[in-house]
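Read the structure below first, then the notes.
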Amino acid sequence: QVQFVESGGGLEQPGGSLRLSCAASGIMFSSYGMDWYRQAPGKQREWVARITRDGTTLYINSVKGRFTISRDNAKNTVYLQMSRLIPEDTAVYYCNTFPVIGGSWGQGTAVFVSS
């Protein structure tokens, strides 16, 4: 069974940084691209960033230059380094495979950006 455990969220001031982690299990991690998504209060979940199997990265325009996605295949973990945070980054952040398989989602990790 595919499982994702996200962690690293919290309260941060604008301009600050956070590093999110997502540990995956039940899959051959290195065989999948990995995505980060986020869902802000009252909004639909949106895709944020992707890292492919070969390490190519893609980002939604609003986080380009501020967020960096990376992966450690030995630890079955994908990371999202977030810097220069803004209040609009406030959301619950989730990871998943690309493409999504089995419809499994983790609990997410909440990020709250406020002064």
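Every number in this text was worked out from the coordinates using simple rules, so none of it is lab data. It should be emphasised that the depicted structure is a prediction, and the values quoted were computed from it without experimental measurement. Don't worry about glycine lacking a Cβ; one is built from the backbone with ideal geometry, like all the others, and counts go over all protein chains shown.
Our estimate of slack between residue 52 and residue 81, defined as 0.36 nm per intervening residue step minus the Cα-Cα distance, is 8.8 nm.
Coupling constants for the stretch 88-94 follow from the phi torsions by the Karplus curve (6.51 cos²θ - 1.76 cosθ + 1.60, θ = phi - 60°), and in residue order they are 5, 7, 4, 4, 8, 9, 10 Hz; glycine and proline get x. Here the contact order of the stretch 20-68, divided by its residue count and restricted to Cα pairs under 8 Å and six or more residues apart, works out to 26 percent. Between the stretch 55-115 and the stretch 1-40, the C-alpha centres lie 5 angstrom from each other. The gain in end-to-end length when the residue 115 to residue 74 segment is fully stretched comes to 11.1 nm, 0.36 nm per residue minus the alpha carbon separation. At the listed q of 0.12, 0.13, 0.14, 0.20 Å⁻¹, the Debye profile of the chain, built from one uniform point per Cα, gives log10 I(q)/I(0) equal to -0.37, -0.43, -0.50, -1.03. Considering only 43, 64, 75, the Gaussian network model of the chain with Cα springs below 10 Å gives its largest mean-square fluctuation to 43. Relative to the current alpha-carbon distance between residue 45 and residue 3, full extension at 0.36 nm per residue lengthens the span by 13.3 nm. Between residue 104 and residue 13, the C-beta separation translates, for a Förster distance of 30 Å, into a calculated FRET efficiency of about 0.35.
The equivalent ellipsoid that matches the C-alpha gyration tensor of the stretch 73-115 spans semi-axes of 24, 14, 8 angstrom, in descending order. Mean sequence separation of contacting Cα pairs (under 8 Å, at least six apart), scaled by the length of the chain, corresponds to a relative contact order of 38 percent.
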